[in-house]
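The values are calculated or read from the model by the stated rules, or taken from the named source; none is laboratory data. Note that this is a predicted model, so its numbers are computed, not measured. Cβ placement follows ideal geometry from the backbone for every residue including glycine, while neighbour counts extend to all protein chains displayed.
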Amino acid sequence: MRRALGLIAVMLTAATMMVLAGAAAGTQSAGFSPTREADNFAITLERAKIYDTLAYQRLLTLSGTANLEHALAAQAADRGRLFEGDACWQGENACAGDVRLYDWASNGYGLVRPVLFTARDGATISGHIWATVNGPAKRPGVVITTGSYQSDEQMYWYAAQTLAKEGFIVMTFDVQGQGMSDTFGQKPDTYEGFPAQVKGSPWYDGTEDAINFFLSTAKHPYEPVKSCSTGTSHAAKQNERVEEGLDSAYNPYWQLLDPKELGLAGHSFGSRRSSPGTTSAARPLTDRPPATHRRPRARLTRASARRCRSPSRVSGSRPTTASLPLPTAHCRTRWLNQPSR
């Protein structure tokens with residue numbers, strides 16, 4: 001009896017192994033590899049090996065202090081800006097991103113230019129444009145939209161530099177209410193994008209404003225579209241700040257950018273604006289191709305009329321993640337040269 005039970009157990013074990021082997025083979029044939037997945041998971045532990053060292057912590061402390069001093073000096077020198085109190089405005093600790101990447105320009109690894117521009121609600125937006133010294137005369141572009149809460153643009157500089165080295169022109173920016181971008185808009189649109197995490201518009205409309213700036217040129221300088229809340233144009237603020245040498249008139253690397261090759265990347269809340277199909281509310285109010293389309297028809301128009309409406313009035317608009325709010329007001333924007341519906 002024991003020998004029979006032992007034989008049955010061996011047979012069941014062998015059968016189980018054959019089934020598992022067949023399932024694994026079928027899974028692997030579909031592209032899944034347990035070994036590769038284990039290697040990928042191991043990568044998540046690499047950051048701690050560097051981050052927890054005394055050398056990195058010292059560099060992080062020094063860089064965080066320098067970031068805070070820079071932010072305070074920028075705020076004091078430009079009283080038209082107000083970002084003290086934003087999430088990560090000090091640029092310290094985790095908000096500093098990977099501080100090993102701060103020498104991108106100083107060590108000759110590549111090019112980077114800080115930029116400021118006025119959003120459609122009148123807020124001043126802070127960002128950077130990234131490129132390499134060598135490369136094609138015209139290159140595709142990528143705009144990176146951050147996540148919410150403690151997600152300033154420094155946390156995405158690793159992606160910007162990686163893409164730049166792969167031949168892209170890249171734009172990173174702080175959405176309104178985070179990092180060194182303004183907390184509020186300009187009257188009468190002071191609260192159009194505040195509080196940012198509740199309104200959501202700094203990610204939706206803010207990404208479109210960033211695209212507009214990214215595609216601006218010396219011949220066609222950036223001009224913010226009209227606000228959603230009141231239809232007010234804050235172009236006067238942008239122009240005044242450009243004349244004062246505060247804002248950037250256009251993308252400083254526009255000559256390197258191929259405007260027909262544009263992509264978007266986003267993290268967390270930012271991915272809802274940049275990824276097609278994540279939610280119907282992410283893109284129902286635009287008369288243009290999906291934001292991730294590699295060949296947009298043209299840059300966003302600055303002069304055409306816009307109107308706003310609540311996503312709740314759009315058929316099928318619902319969040320895919322309950323913790324992420326939908327924008328309470330989102331502008332209807334159409335592409336230049338595309339007929340209105």
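Tabulated data for the structure shown
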{"read-out": "Residue that is out of contact with any Pro (no Cβ under 8 Å at 6 or more places or on another chain) and aliphatic (A, V, I, L, M), where the choices are 218, 249, 235", "value": "218"}
{"read-out": "Extreme residue, surrounded by the fewest Cβ atoms within 10 Å (Cβ to Cβ), among residues of region 72-105 that are in contact with a Ser or Thr (Cβ under 8 Å, 6 or more places away or on another chain) and of a type in the set (A, V, I, L, M)", "value": "82"}
{"read-out": "So residue 199, is it modelled with pLDDT under 95 and of a type in the set (Lys, Arg)", "value": "yes"}
{"read-out": "Region 223-248: number of residues that are part of a loop (DSSP other than H, G, I, E, B), small (Gly, Ala, Ser), without any contact (Cβ under 8 Å) to a residue 24 or more places away in the chain and at negative phi", "value": "1"}
{"read-out": "Selected residue (only one of 206, 193 is over 19 Å from residue 90 (Cβ atoms), outside any loop (DSSP other than H, G, I, E, B) and of a type outside the set (S, T, N, Q))", "value": "206"}
{"read-out": "Subset of region 106-127 [at pLDDT 95 or above and surrounded by fewer than 20 Cβ atoms within 10 Å (Cβ to Cβ)]", "value": "110, 111, 113, 114"}
{"read-out": "Where a residue in region 143-172 is crowded, with 20+ Cβ neighbours inside 10 Å and its partner, wherever it lies, is charged (D, E, K, R) and in a helix (DSSP H, G or I), with Cβ under 8 Å and at least six apart", "value": "144/153; 145/273; 146/153; 172/153"}
{"read-out": "Enumeration of residues in region 189-222 that are free of Cβ contacts under 8 Å to residues at least 60 places away in the same chain and among the hydrophobic types (A, V, I, L, M, F, W, C)", "value": "194, 196, 218"}
{"read-out": "Candidate set: region 213-222, residues that are of a type in the set (A, V, I, L, M, F, W, C) and assigned to a loop (DSSP other than H, G, I, E, B); chosen: the one nearest to residue 142 (Cα to Cα)", "value": "215"}
{"read-out": "Residue within region 155-178 that is over 25 Å from residue 259 (Cα atoms), under 13 Å from the mean Cα position of the chain (by Cα) and part of a helix (DSSP H, G or I) present", "value": "yes"}
{"read-out": "Scan of region 95-132 for residues that are in a loop (DSSP other than H, G, I, E, B), out of contact with any strand residue (DSSP E or B) (no Cβ under 6 Å at 6 or more places or on another chain) and more than 22 Å from residue 249 (Cβ to Cβ), ordered by number", "value": "97, 98, 102, 103, 106, 107, 108, 109, 110, 132"}
{"read-out": "Residue match in region 141-161 (condition: touching a Leu at 6+ places or on another chain (Cβ under 7 Å), closer than 25 Å to residue 91 by Cα and charged (D, E, K, R))", "value": "no"}
{"read-out": "Out of 127, 135, 108, sole residue that is in contact (Cβ under 8 Å) with a residue 40 or more places away in the chain, out of contact with any helix residue (DSSP H, G or I) (no Cβ under 6 Å at 6 or more places or on another chain) and on the phi > 0 side of the Ramachandran plot", "value": "135"}
